[in-house]
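Inspection log for the structure reproduced underneath, given as structure tokens.
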Amino acid sequence: MLTNWLIQHTPGTSFRSVSIYIDNQPLIEVAVKTGAWSGQHLVWAFTDILDNSRAKVTTQWIFSHSKMKGNEEADQLAKNASATKQKYAKQLKTKWKNMWLTSPRCQKFE
């Protein structure tokens, strides 16, 4: 999804070869897995987007913490996104709990 957006919004990438370097081995393995599995719709959506892209997109696995330009920055961005998601989920759970404890329905269960 992001790959397709980048291809569409980066001048000079249409109808060219574009490489995606992935340091997540399980993601590569699941992309070639047959049968049904959890999250397969996401892999199918990704491959469908790549198949219909205006560029020839290839994916390649690389070692984690390799010297590939941008890999460390991408890892840091992923960690930041995960931390933000966890923080938001905790805040949401606290808000829900407070709303529940002050609701009339909660009183009925006590």
- What are the residues in segment 35-93 that are in a helix (DSSP H, G or I) and either at positive phi or exposed (fewer than 10 other Cβ atoms within 10 Å of the Cβ) (or both), if any? 41, 51, 73
- Message: Exactly one of these conditions fails for residue 32: (1) surrounded by 12 or more Cβ atoms within 10 Å (Cβ to Cβ); (2) at pLDDT below 80; (3) of a type in the set (A, V, I, L, M). Give me its number.
- Response: (1)
- Can you pull out the residues in segment 8-18 that are within 24 Å of residue 64 (Cα to Cα) and surrounded by 11 or more Cβ atoms within 10 Å (Cβ to Cβ)? 18
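Can you name every residue in segment 10-36 that is over 24 Å from residue 62 (Cβ atoms) and not polar (S, T, N, Q)? Show your work before the answer.
Quick first cut of segment 10-36, residues over 24 Å from residue 62 (Cβ atoms) only: 11, 14-15, 34-36.
Scanning segment 10-36 gives 11, 15, 35, 36.
The values are calculated or read from the model by the stated rules, or taken from the named source; none is laboratory data. Quick caveat: nothing in here was measured; it's all calculated off a predicted structure. All Cβ positions, even for glycine, are placed from backbone atoms using ideal geometry, and neighbour counts span all protein chains on display.
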